[in-house]
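Taking it in order: structure first as structure tokens, then the write-up.
The values are calculated or read from the model by the stated rules, or taken from the named source; none is laboratory data. Everything quoted here is computed from the prediction, not taken from an experiment. Don't worry about glycine lacking a Cβ; one is built from the backbone with ideal geometry, like all the others, and counts go over all protein chains shown. Each accessible area value is taken on the protein alone, full model and side chains, heavy atoms only, with ligands, DNA and RNA left out. Shrake-Rupley method; radii C 1.70, N 1.55, O 1.52, S 1.80 Å.
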Amino acid sequence: MRPSSVASHVAVVDTNLFVSGTILKHGVPFELLESWRRGEFVVLLSGEQEAELRDVFARSKIRTHYHLTEVEIAQFFDDLAKLTRPAPLHLPLPVAVRDAKDEAILAAALGGDAGFVITGDNDLLTLAGDPRLGSLRIVTARSFLDLLSILT
């Protein structure tokens with residue numbers, strides 16, 4: 001990997017992408033998580049987001065419907081522990097978000113000096129390019145993977 005690659009960048013991955021990429025072993029969210037696991041970029045994770053992920057994966061409906069095993073869930077959280085950096089929250093936010101649940105994602109990105117928020121959530125995507133976010137780029141997983149393919 002070249003030094004100018006996205007590995008030198010830091011991202012916050014929205015919760016829905018972690019969940020989708022874990023329960024479905026195909027598609028863009030899965031590709032994104034595999035790229036992260038290969039070390040192609042660095043992920044920041046706040047305590048709030050980790051708690052949300054633990055809540056989602058503790059739901060029997062999710063485990064049963066998607067046939068997730070205890071081993072798969074344990075491996076996911078092991079990856080989180082080993083392959084993410086903690087993110088302090090930057091509050092108050094310089095912009096208003098439409099969905100209060102997204103505040104922790106944006107606050108972690110700003111607090112951890114992330115270069116990217118990777119999301120499929122329109123409530124966050126509408127903030128892309130807002131000058132109050134400085135150099136933080138809010139992008140879809142597909143856009144981020146396309147960028148990775150150019151730089152690696």
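Key figures for this structure:
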{"item": "Calculated FRET value between VAL56 and SER149, using beta carbons and R₀ = 22 Å, to 0.05", "result": "0.15"}
{"item": "Computed accessible area, GLU52, all protein chains, 1.4 angstrom probe, square angstrom", "result": "80"}
{"item": "Prolate/oblate/rounded call for the chain, Cα gyration tensor, a/c under 1.5 rounded", "result": "oblate"}
{"item": "Accessible carbon and sulfur surface of the chain relative to its total accessible area, %, 1.4 Å", "result": "56"}
{"item": "Where trypsin sites (Lys or Arg not before Pro) fall in DSSP loop in region 73-152, at most 16 other Cβ within 10 Å", "result": "ARG98"}
{"item": "Inter-label distance, nm, simple model (7 Å from Cα along the C-beta direction), LEU83/SER135", "result": "2.6"}
{"item": "Contact order normalised by residue count of region 6-152, Cα under 8 Å, 6+ apart, percent", "result": "29"}
{"item": "Near-label residues of region 69-113 by backbone N, under 19 Å of a point 7 Å along Cα→Cβ of ARG38", "result": "79-80, 83-84"}
{"item": "Pairwise label distance in nanometres, GLU70 with GLU103, each label 7 Å out on the Cα-Cβ vector", "result": "3.7"}
{"item": "Gain on full stretching of the segment that runs from ARG63 to ASP123 - 0.36 nm per residue minus C-alpha separation", "result": "18.9 nm"}
{"item": "Three-way shape label, region 98-152, alpha-carbon gyration tensor, a/c 1.5", "result": "prolate"}
{"item": "Rounded accessible area per residue of the chain, 1.4 Å, Å²", "result": "51"}
{"item": "Residue-averaged 222 nm ellipticity for the chain, from DSSP H runs of 4+ at -39500 (n - 2.57), nearest 500", "result": "-14500 deg cm²/dmol"}
